[in-house]
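Step one of this worksheet: look at the structure below.
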Amino acid sequence: MTILSPELAPKFEGLKQRFAQAPRTEDLATNRAEVRLVKDQNSEAKVRGFTVVQDEPESVGGTGKGPTPTDYFVTSIGFCENVIFARNAVLAKLSVDSLETVVTGSWDRRGLFEIDGVSPFFKSITVETRVSTRDPVEKVVEVARQTHRRCPVHATLSRATEMIFKLVVNGHNVSL
């Protein structure tokens, strides 16, 4: 049973047409978050009417009330990849029984204090997409390739750090 609703296709087709026909002055999207420090290392953000909390683990002086900024960073990559994959899958008429994305990033914590001249940037980020489907693997590969080209988070990060992508279809590793 596919986890993508049939009603999505006309919505995405309409969205695509609207963007293609809109005046270029309407192309720019802006995201905004208002973030305030609550106490110590705990912050609260307001974004599109939602409240999101952030904190550091107790081991580094936080209270552990929420994910860290770097947790949100890798999570946002997975969220964006899933959204764009779902859109592309619907438009390609790809059935998706399950879709999971695991994002792993590594960075050197010494960079937080500039120890040994180290910078705290992510050295690499691995995005592993796991898809279950009844459709041909080639169709999934094309949707995955489109997703990596069209995902705004991926497009931004791929300019800044090494992005490694893995695709698993029906439990088998597939080359992209």
Which far-off residues, 5 or more places away or on another chain, put their amide H under 5 Å from the one on THR68, with H placed in the peptide plane? ASP55
Magnitude of the charge dipole, the range 107-171, Cβ model with Lys/Arg +1 and Asp/Glu -1, debye to 20: 220
Out of the range 10-44, which trypsin sites (Lys or Arg not before Pro) are coil in DSSP terms and have no more than 14 other C-beta atoms within 10 Å? ARG32
To the nearest 20 debye, what is the magnitude of the charge dipole of the chain about its Cα centre, counting +1 on the Cβ of each Lys and Arg and -1 on the Cβ of each Asp and Glu? 620
As a quick test, which of the pairs LYS16/LYS123; LYS65/LYS166; LYS11/LYS139; LYS123/LYS166; LYS46/LYS166; LYS16/LYS139 have an alpha carbon distance above 25 angstrom in this structure? LYS16/LYS123; LYS65/LYS166; LYS46/LYS166
So what J values fall out for the range 16-27 if you push phi through Karplus, 6.51 cos²θ - 1.76 cosθ + 1.60 with θ = phi - 60°, rounded to Hz, Gly and Pro as x? 4, 5, 4, 5, 5, 9, 5, x, 4, 5, 9, 6
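Just in the range 2-74: which GluC sites (Glu not before Pro) are loop by DSSP and have at most 11 other Cβ atoms within 10 Å?
Answer by residue number: GLU7.
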Shape call for the range 38-130 from the C-alpha gyration tensor, a ≥ b ≥ c root eigenvalues: rounded (a/c under 1.5), prolate (a/b greater than b/c) or oblate? oblate
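Rounded, prolate or oblate, given the Cα gyration tensor of the range 96-176, with a/c below 1.5 counting as rounded?
The shape class here is prolate.
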Name the trypsin sites (Lys or Arg not before Pro) in the range 76-176 that are in a loop by DSSP and that have at most 12 other C-beta atoms within 10 Å, would you? LYS93, ARG134, ARG159
Only helical DSSP H runs with n ≥ 4 go in: add -39500 (n - 2.57) per run for the chain, normalise by residue count and round the 222 nm mean residue ellipticity to 500 deg cm²/dmol. -10500 deg cm²/dmol
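No lab work stands behind these numbers, since they all come straight from the coordinates. Just so you know, these numbers come straight off a predicted model, no measurement behind them. Virtual Cβ from ideal backbone geometry, glycine too; neighbours counted across all protein chains shown.
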